[in-house]
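Notes follow once the structure below has been shown.
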Ligand SMILES: Cc1ncc(C[n+]2csc(CCOP(=O)(O)OP(=O)(O)O)c2C)c(N)n1
Ligand SMILES: [Mg+2]
């Protein structure tokens, strides 16, 4: 068993009635047991593209659904590559790549229902994709032309949050609120291995546990927090921390989209049933730099990255689909063309983004205004007016 502690209280919240994902596909072999002393990793698809079984988590997907997950991962990776290139060309100020984390994000993102709510970090481009946020909207903030770029309530996807871990508190408060409303939706909060050390994350664990909030904490352990390795964040596997707070934790292969989907779906259903929070640790790897401002060759070895390349989330699903005859050559060719079109579209939209009116930076800070913001606005207006042409270049 990977679930660490299930002592959460049951409440009277309604069950969603959503279909549970049981029933292993026939003939699937059993996953290798973790070596003695090693934490178990929930895995349904090996790095070699072999389908394996897990006693607690499984999923039965049609060929079409598998192709859908593959398409999501490929297009997300293509979008991410385009954004990185745009930053290098000076079109974006910064970019935080998700390269290598596509399975963690698409698997968990596709586990959501429309009425669930997501609180992301700054790297959840794949989850945004699953929520239907226009990918070009993700780029406005990184180009410096807006403060976010989308209405969180349109897609139940909160704005990107840079202050590490603070979104887990927002998620917990939101989850406590929807529970009081009697809704049967759930909340998915993302954070990283480094953010797991933040007080905010630990406080949100305490609150969500004691109030039995319908929230799933999804930690993408990509092994690094900029230049700090995971060994500097914890002495125990991260998922085991949940036990101390009184809710279950599970480690999933973060490069296995099927396992990420099955585990997240199960945790969300548990939350809907009123059984409280779950911590999912998606064990993955940040293949690119922390952001385009970072140079990972200063602190990590190429060999480490190469070892993770062999566990690529996209390649393993492709191998599986090809071996099982779930996708033909035409599918991959069409997807390649679709990817190129997406890249072109993103380039065009970013380059054409209008420069905002200077004073707009003060808008939407407070719903009813604030004296300090008024003061700053007046100061900035005076500064702009001090230039000969009335505007700073
Ligand atoms: C409260 C706070 N402290 C420090 C930072 C600076 N910072 C930005 S990202 C980062 C590392 C985060 O690592 P992790 O949580 O593992 O997420 P990852 O970037 O690997 O996805 C740090 C220290 C910040 N944004 N917020
Ligand atoms: Mg990290």
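Any idea which of 136, 172 is assigned to a helix (DSSP H, G or I), away from ligand 2 (no atom under 16 Å from the Cβ) and within 22 Å of residue 271 (Cβ to Cβ)? Don't jump to the end; show me each part of the working.
Numbers: 136 fails: within 22 Å of residue 271 (Cβ to Cβ).
Just a single option satisfies the conditions, and that option is 172.
For the range 215-226, give me each residue that is near ligand 1 (Cβ under 9 Å from one of its atoms) and either under 14 Å from the mean Cα position of the chain (by Cα) or assigned to a loop (DSSP other than H, G, I, E, B) (or both).
Let us first name the residues in the range 215-226 that are near ligand 1 (Cβ under 9 Å from one of its atoms), namely 219-226.
Selection gives 219, 220, 221, 222, 223, 226.
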Report summary line: So, first residue assigned by TED's automatic domain parsing to the domain that holds residue 127 and under 14 Å from residue 112 (Cβ atoms) in the range 208-223, second residue within 13 Å of ligand 2 (Cβ to nearest atom) and in a strand (DSSP E or B), Cβ within less than 6 Å, six or more apart or across chains; the pairs are 218/190
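Quick one: which residue in 181, 200 is surrounded by fewer than 24 Cβ atoms within 10 Å (Cβ to Cβ) and touching a helix residue (DSSP H, G or I) at 6+ places or on another chain (Cβ under 7 Å)? Can you show your working first?
Working: 181 fails: touching a helix residue (DSSP H, G or I) at 6+ places or on another chain (Cβ under 7 Å).
The conditions single out 200.
Scanning for something free of Cβ contacts under 8 Å to residues at least 60 places away in the same chain, away from ligand 1 (no atom under 16 Å from the Cβ), in a loop (DSSP other than H, G, I, E, B) and under 28 Å from residue 288 (Cβ atoms), does the range 236-256 turn up at least one residue? Don't jump to the end; show me each part of the working.
From the range 236-256, those free of Cβ contacts under 8 Å to residues at least 60 places away in the same chain are 236, 238, 241, 244-245; that's our starting set.
Then drop every residue that is not away from ligand 1 (no atom under 16 Å from the Cβ), which leaves 236, 244-245.
With the extra rule that they be in a loop (DSSP other than H, G, I, E, B), the set shrinks to 236.
After this cut, where a residue has to be under 28 Å from residue 288 (Cβ atoms) as well, the list is 236.
There is at least one residue in the range 236-256 that is free of Cβ contacts under 8 Å to residues at least 60 places away in the same chain, away from ligand 1 (no atom under 16 Å from the Cβ), in a loop (DSSP other than H, G, I, E, B) and under 28 Å from residue 288 (Cβ atoms).
Could you list all residues from the range 109-129 that are over 15 Å from residue 78 (Cα atoms) and either touching a strand residue (DSSP E or B) at 6+ places or on another chain (Cβ under 7 Å) or away from ligand 1 (no atom under 16 Å from the Cβ) (or both)?
As a first pass, look at the range 109-129 and keep what is over 15 Å from residue 78 (Cα atoms): 109-122.
Once the filter is applied, which keeps residues that are over 15 Å from residue 78 (Cα atoms) and either touching a strand residue (DSSP E or B) at 6+ places or on another chain (Cβ under 7 Å) or away from ligand 1 (no atom under 16 Å from the Cβ) (or both), the range 109-129 yields 110, 111, 112, 113, 114, 115, 116, 117, 118, 119, 120, 121.
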Query raised in the report: What is the residue count in the range 152-161 for residues that are within 16 Å of ligand 1 (Cβ to nearest atom) and either farther than 20 Å from residue 208 by Cβ or without any contact (Cβ under 8 Å) to a residue 40 or more places away in the chain (or both)?
Result: 2
Report task. Go through the range 175-196 and count every residue that is within 16 Å of ligand 2 (Cβ to nearest atom) and farther than 16 Å from residue 160 by Cα. Result -> 3
Requested in this report: Give the number of residues within the range 203-234 that are touching a helix residue (DSSP H, G or I) at 6+ places or on another chain (Cβ under 6 Å) and more than 21 Å from residue 264 (Cα to Cα).
Outcome: 1
Report task. Just give me the residues in the range 176-203 being under 18 Å from the mean Cα position of the chain (by Cα) and away from ligand 1 (no atom under 13 Å from the Cβ), in sequence order. Result -> 186, 187, 188
Requested in this report: Considering every residue within the range 153-160, establish whether at least one is assigned by TED's automatic domain parsing to the domain that holds residue 74, under 14 Å from the mean Cα position of the chain (by Cα), within 16 Å of ligand 2 (Cβ to nearest atom) and surrounded by 21 or more Cβ atoms within 10 Å (Cβ to Cβ).
Outcome: yes
Report task. Output the number of the condition that residue 164 fails; it satisfies all remaining conditions of (1) in a loop (DSSP other than H, G, I, E, B); (2) more than 24 Å from residue 292 (Cβ to Cβ); (3) within 16 Å of ligand 1 (Cβ to nearest atom). Result -> (2)
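Taking the conditions exactly as written (assigned by TED's automatic domain parsing to the domain that holds residue 67 and either within 30 Å of residue 86 (Cβ to Cβ) or within 33 Å of the chain's Cα centre (by Cα) (or both)), does residue 345 satisfy them or not?
Yes, satisfied.
The values are calculated or read from the model by the stated rules, or taken from the named source; none is laboratory data. From a predicted model like this one, the values you see are computed outputs, not experimental measurements. Reconstructed Cβ throughout: ideal geometry from the backbone, glycine too, with neighbour counts over all protein chains shown.
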